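Read the structure below first, then the notes.
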Amino acid sequence: MTQRAIGIDLAIRGYHVAQIYNDGRTSGRPIRFRHDPASLGRLICRIRDGLKDGDSVQAVMEPTGMSWFPAAHHLIDAGISVARVKGKRVKALRRYLSEQAKTDLADAQVLAAIPGLAALSLIRSTFQLRAAMHCND
């Protein structure tokens with residue numbers, strides 16, 4: 001059973017960057033995507049590629065403005081769990097794990113590593129999109 005984690009560094013403008021980890025190891029090249037449905041669809045296809053029944057998938061992202069909302073919406077609709085982590089915690093963890101300068105890829109890698117660290121305090125704000133979507137009903 002594979003545990004797949006996807007770290008997603010969201011941008012206010014430009015491309016977002018996702019990095020897939022399988023069982024704590026980097027899998028493939030970084031994925032650059034935008035908010036348009038075709039690009040998000042390709043992201044989801046890449047995330048699901050090679051998964052078998054019983055494999056778990058967890059996406060982790062920072063709540064960057066409202067950039068997280070469309071990505072979270074598509075991921076949750078595709079059956080992928082989404083957790084948001086405060087930017088300050090990602091920055092602190094990036095500093096602790098490496099001396100790298102801040103880059104989109106470095107942040108995506110740190111975000112993907114969080115589930116493997118069993119750092120539950122970093123993932124307190126698991127987001128339930130469906131509940132928020134029905135608030136106006």
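The values are calculated or read from the model by the stated rules, or taken from the named source; none is laboratory data. Every value quoted in this text rests on a predicted model; they were computed, and no experiment measured them. Cβ placement follows ideal geometry from the backbone for every residue including glycine, while neighbour counts extend to all protein chains displayed.
Reported count of residues in segment 28-83, each being closer than 13 Å to ALA18 by Cβ and of a type in the set (Asp, Glu), is 2. In the set ALA108, ALA83, ALA112, ALA59, only one residue is within 20 Å of ARG4 (Cα to Cα), of a type in the set (Gly, Ala, Ser), under 13 Å from the mean Cα position of the chain (by Cα) and modelled with pLDDT of 90 or more; that residue is ALA59.
Contact annotation: residue pairs with Cβ atoms under 8 Å, 6 or more positions apart or on different chains, pairing a residue in segment 79-90 that is free of Cβ contacts under 8 Å to residues at least 40 places away in the same chain with a partner that is in a strand (DSSP E or B), are GLY79/VAL57; LYS86/SER125.
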